[in-house]
Structures are given as structure tokens and as C-alpha cells.
Amino acid sequence: MYDKQPLPRVQDVMTRDVISIAPDLTVRQAKDLMRDKGISGMPVVDRENALLGVISVADIIQAMENNNLNAFVSEVMTVNPIFLHEQDTVGYALQACRRYKYGRFPVIDEQAKVVGVLTVGDIVTRLAQLLRIDQVDEPDEIKEPKDFTTRIYECSIQSMNFDLAGLAASNIKKMLTGLGLKGTTVRRAAIAAYDAEMNVVIHAYEGKLSAKVTPHDITITVEDSGPGIKDVSLAMQPGYSTASDRIREMGFGAGMGLPNIKKSADEFTIESTPKGTTLVIKIFID
Amino acid sequence: MTLSEIKKVLEATCFTRHCLEDKEVDTACGADLLSDVLAHRKEKTVLLTGLINPQVIRTAEIIDLIGVIFVRGKVPSQEIIDLAEAKDIPILCTAYPMYESCGLLYKAGLGVISNV
């Protein structure tokens, strides 16, 4: 496994100092508490601190409109709220933020007790810290660009090393996603990089993958040190494969690698001699 | 169709902590060859496969699959489960073989979307 550091979990990021309210207090009391604490929502919990619901400014405004400030919190709260587990990854929490369009989630432990609240702000603050730590512990292979608009990534590829196979493509995907490129563009680049990377792992002695990203295009260059492709035009035919049975057992060798790369690319060149093969894959960014 | 409906149709078991079961799925891809999977260009896809190794999860990550369904009662190793959890890719396992799994999902309304 190449992930040296564990993924940040919700419990690493959340606010533990939870302001919550009991269901049998009134909406007026909830309103005063939220105003006092300067918060826009909070979990509703029972005496055992188990999650019953959430109450937000929107619920309170609605109660005010209905002249219902003396109602119990339990009458106006949102029941069955979306919550997170403390063991959830921050990535999962971000997905939840996007999916449900909420800015705040109660966090529960294994006994379904509320142990924290997670806001988008918590994630941003703590992730900034975590990322800085990452850079110290695990030097990123992305070089600091001279020109801030260009990114370069390089990675060596080892023959028959299936533990690391896919790492370069995965890193390129992360980098492109981080630059905010369109999903379809990222995917095309990731697929082309992955197929090219697997070709080196399966067929070559060793190789190098580099990716250069400018605001206009992505150029992925994959070079290996041989033994080369005997008949390139044959290798470009869908379904043609020289992979061994062992490789096929692992799910590769469908003979779709090069055709796939060509399909993903806007421009594609391949040169092969017994000393090595070089692929240049270009994808335009619109 | 959602992942939880797929789970029901295939009487599947979820092997990852997050199943994101309300995730919308538009179509499926049934393949045992990863290059075939990589050639599949549709969004919101689940993969049905009898192939069981970590590269399946790596491939799923590269093309943003919604989930991976291992067919024919095959059970993933802890290494595969760990990788899937790290990449937030749900894993379902069903006892149905590939042909039946695909047929059941197709019959339940998970069709093929036309190529864009």
C-alpha cells in the first residue's frame, strides 16, 4: 500500500465542543442559545446525548412566522438528520456537503452519541494544517513550478510491480482535479495515463511517466527502455495483445490499451524501437 | 437506480464501511478485463466483475466508478477492502454469477445509456 499517511478522519477535524439542546426546551430558548453562541444550527439530543434531530435558523424562522416560538424544539426540529461518523474520512464528509448542500453535520460515535459537529469551515482550516504536515513528511513529486500556471509531475515505473501500478495515473488524476479541471478532461487524462503506465508495467523493462499541465493542454509522455513493440499498427488494433496468461489472469491484456489511449487523446504519437517506446499523449483543455 | 436498490436486487452484501447507498447509478459495466473497463466511457457506472484484485479498485478510482460489485460469491481480501475504503469506493458482493447479475439489473431497469 502506497498511502503512507492515514486519511484524515472526521474526528481529526470536527469541533468537539458541541452546543446542543434538549427536545423539551422551547424554540424561543433555542433561538436565544443560538444567538448567544453565534451559531446557525445545533443538534437536538436526549439525556444520553443521543442524536434526535437538528434545529437550524430556518426552522426557527419558520416557527416565528407561524407565531410558534413557545413550541417544543422537538416539534420544529428536523428529524432523521444527515449525520457523520467520527471514523468517516474527510473526503466522505466533503461529498456529503456537496450532496446535501448542508454546511454543518452532527458527528456521532459507535454508540450513536453526539461527539462533535463538523462544518465546512472546520474542514478547510484543519486540512490546510494537515496538508502542510503532508509536505514535510512525504515530499510531493510535483515540482514547484517556476511559472505558476504550469505543473509538472514525474514518476518512474517499474516493470511487473503491480503493487505500485496505477500510482502515477492516480497522482495525475489528483493533481488535475486539484487544479479544478473539468471531470471529463481529468478522466480522459487519467485513463490514458493508466493504460500507458500499465503497458510499461506489463511489457517494458522500466519506464518514466511525466505529465506537464499548462492552462491550455495536458501532455503525458511515457518512455520505456524496451524491448519495443514489434508491429505498432498491429498493436493499435483493438483486441490485439501479446500479454501472458498470468497478466490476463490479473485482468489486463485485453488488447485495448493503445486503442484506449488514442481514443482518450486529442493528439497521440507513438515511436517504438527495440531500445524503447515513447508515447506522447496530448489532451486539450477547453 | 440507486446503489441500495442494486444491493437489494442482487441480494448483495456491502463490504465497505461507507456504502453511499443513495448514490445514483445510471448504468453498469460487466467485464473481467480491466482494459475493457477503461474503455467504458459513461458516467455514474457500477462495475460488475469476477476479477478480484486491488487493480480493480485502482481502475475504479481512475474512471470514477460509483461502486464495484464482485459476482459469483467472491469475497475481497482485506487489502482490497482497505484500498476501496481509502478511495471511497463501495464494494458489494453477490452470489449471483455475472450473467444473472447483469440480467437482474437490466430487468430491474438499469439499462444502457447511449454513447455521447
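Each value in this text was obtained by applying a stated rule to the coordinates, not by laboratory testing. The structure presented is a predicted model; accordingly, all values stated were derived computationally and were not measured. Here the Cβ is made from the backbone with ideal geometry for all residues, glycine too, and neighbour counts use every protein chain on show.
Would you mind classifying chain B by shape? Square roots of the alpha carbon gyration tensor eigenvalues, ordered a ≥ b ≥ c; an a/c under 1.5 is rounded, otherwise it is prolate if a/b is larger than b/c and oblate if not. Cα axes put chain B in the rounded bin.
For trypsin sites (Lys or Arg not before Pro), the sites in the stretch A:18-55 that DSSP calls loop and that have at most 14 other Cβ atoms within 10 Å are A:ARG47.
Around the Cα centre of the protein assembly as shown, unit charges on the Cβ atoms of Lys, Arg, Asp and Glu (plus for the first two, minus for the last two) sum to a dipole of about 620 debye.
What is the order of A:GLU48, A:GLU271, fewest Cβ neighbours within 10 Å to most?
On the way: A:GLU48 9, A:GLU271 13.
In order of increasing Cβ crowding within 10 Å: A:GLU48, A:GLU271.
Ordered by the number of other Cβ atoms lying within 10 Å of each residue's own Cβ, fewest first, A:LYS282, B:LYS8, A:LYS173 fall into the sequence B:LYS8, A:LYS282, A:LYS173.
Excluding same-chain neighbours fewer than eight residues apart, the aspartates and glutamates reachable from A:LYS208 by a Cα-Cα span under 12 Å are A:GLU154, A:GLU197, A:GLU223, A:ASP224. Between A:LEU25 and A:LEU179, the FRET efficiency from the beta-carbon distance, with R0 = 51 Å, is close to 0.60. Whole-Hz Karplus values for the stretch A:246-254 come out as 4, 5, 5, 4, 7, x, 9, x, 7 Hz, taken residue by residue from phi with 6.51 cos²θ - 1.76 cosθ + 1.60 and θ = phi - 60°; glycine and proline positions read x. Structure remark: mean-square fluctuation, Gaussian network model of chain A, C-alpha springs under 10 Å; the largest value among A:ASN66, A:ASN260, A:ASN161 belongs to A:ASN66. Listed by chain and number, the lysines placed with their C-alpha closer than 17 angstrom to that of B:LYS23 are A:LYS101, B:LYS7, B:LYS8, B:LYS42, B:LYS44, B:LYS87; residues fewer than eight positions away on the same chain are left out. Residues whose amide H comes within less than 5 Å of that of A:GLY116, counting only those at least five positions distant or on another chain, are A:VAL107 (H built at 1.01 Å from N in the peptide plane).
Centre-to-centre, using Cα atoms only, the stretch A:156-212 and the stretch A:220-286 are separated by 13 Å.
Measure nothing fancy, just the Cα-based angle from helix A:120-137's long axis to the longest principal axis of chain A, in degrees from 0 to 90, nearest 10. Result, in degrees: 40.
Please compute the contact order of chain A in relative form: average sequence separation of alpha-carbon pairs under 8 Å and at least six residues apart, divided by the residue count, as a percent. This gives 14 percent for chain A. Phi angles across the stretch A:176-188 convert, under the Karplus curve 6.51 cos²θ - 1.76 cosθ + 1.60 with θ = phi - 60°, into 3J(HN,Hα) values of 5, 4, x, 7, x, 6, 4, x, 5, 5, 4, 5, 4 Hz, Gly and Pro given as x. For the protein assembly as shown, the Kirkwood hydrodynamic radius from C-alpha pairs, put into Stokes-Einstein at 25 °C and a viscosity of 0.890 mPa s, yields a diffusion coefficient of 104 µm² per second. Between A:THR15 and A:LYS212, what FRET efficiency follows from the Cβ-Cβ distance if R0 is 41 Å, with the result rounded to 0.05? About 0.50, to the nearest 0.05.
Only helices enter this figure: runs of n ≥ 4 DSSP H residues, each worth -39500 (n - 2.57), summed and divided by the residues of the protein assembly as shown, yield -10500 deg cm²/dmol at 222 nm to the nearest 500.
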